[in-house]
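Below is the structure I would like to discuss, written out as structure tokens.
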Amino acid sequence: MEQQSEFIVFYDSDCPLCTRFHTYLSAMDKTNRVSWKPIYDEDLFEKYPMLKGEPLEEQMHSVEDNTYVYAGYFTVKKLCYTIPALKPLKAVFLLPGVETLGRKLYHTVSTNRYQWFHFLCDDKTCQREGH
């Protein structure tokens, strides 16, 4: 039996869109193939030194088997390949132009997420200065 790889996603727990995305995908991940870690954990860089210098507040990042680092669009793509309920979306990533469009779309949403989704803020999100 093939051993399942460890896949960890690091998300902005102060971002209302990011926390909703995390909650939604966690519920879809019935086999618990993905672990989720907030980027504001005090010992994050101690546990995951490969993330030092990465723009964690700008893009969602992920690590597979403590080796491979994915960011932004590529983390979303990897999630679709990892969570069984999302596997039907794998075919979309094979279409011509999807990577270019996906990267631009991810960047646009990521850059504007606090302005566009501020209405989702609650007592646990949007607490950091500048958000």
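What follows draws every value from the coordinates through simple rules; no lab data is involved. Computed from a predicted structure; not experimentally measured. Cβ: placed from backbone, ideal geometry, glycine included. Neighbour counts: every protein chain shown.
State, as an integer percentage, the relative contact order of the chain based on alpha-carbon contacts under 8 Å between residues 6 or more apart.
Computed value for the chain: 32 percent relative contact order.
Would you kindly derive the ³J(HN,Hα) couplings of segment 56-61 from the backbone phi angles with the Karplus curve 6.51 cos²θ - 1.76 cosθ + 1.60 (θ = phi - 60°), listing them in order in whole Hz, with x for Gly and Pro?
Residue by residue, segment 56-61 yields 5, 7, 8, 9, 5, 10 Hz.
By count of other Cβ within 10 Å, fewest leading, how are Asp12, Asp29, Asp65, Asp41 ordered?
Lowest count first: Asp65, Asp41, Asp29, Asp12.
Let me ask something else about it. So what are the ³J(HN,Hα) numbers for segment 81-97, from phi and the Karplus equation (6.51, -1.76, 1.60; θ = phi - 60°), rounded to whole Hz, Gly and Pro as x?
In residue order, the calculated couplings are 7, 9, 7, x, 5, 9, 4, x, 6, 4, 4, 4, 5, 8, 6, x, x Hz.
Report, in deg cm²/dmol and to the nearest 500, the calculated mean residue ellipticity at 222 nm for the chain, where each DSSP H run with n ≥ 4 adds -39500 (n - 2.57) and the sum is divided by the residue count.
Only helices count here, giving -11000 deg cm²/dmol.
As a test, work out the antiparallel percent of DSSP beta bridges whose residues both lie in the chain, rounded to the nearest 5.
Within the chain, antiparallel bridges account for around 60 percent of the total.
So what's the gap between the Cα centers of segment 74-122 and segment 1-51, to the nearest angstrom?
15
Picking from Val9, Leu95, Asn32, whose Cα lies most toward the positive end of the charge dipole for the chain (charges on Cβ: Lys, Arg +1; Asp, Glu -1)?
It is Leu95.
Give me the Debye-computed log₁₀ of I(q)/I(0) at q = 0.16, 0.22 Å⁻¹ for segment 7-120, equal point scatterers on Cα only, no solvent, two decimals.
Reported log10 I(q)/I(0), two decimals: -0.77, -1.41.
Amide H to amide H under 5 Å from Lys37: which residues, 5+ apart in sequence or cross-chain, H placed 1.01 Å off N in plane?
Placed amide hydrogens put Val9, Phe10, Tyr11 under 5 Å from Lys37.
Further question on the same structure: Please report, in debye to the nearest 20, how large the charge dipole of segment 22-125 is about its Cα centre when each Lys and Arg carries +1 at its beta carbon and each Asp and Glu carries -1 there.
The dipole of segment 22-125 has a size of about 580 debye.
Could you count how many Lys pairs in segment 7-120 have their Cα atoms under 28 Å apart, skipping same-chain pairs fewer than 8 positions apart?
25
To make sure I understand, if each residue's beta carbon is the centre and we count other beta carbons within 10 Å, what order do Met50, Met60 fall in, fewest to most?
Neighbour counts put them in this order, fewest first: Met50, Met60.
I've got another one for you. For a quick check: sort Trp116, Trp36 by the number of other beta carbons within 10 angstrom, fewest at the front.
Final ranking by Cβ density, sparse to dense: Trp116, Trp36.
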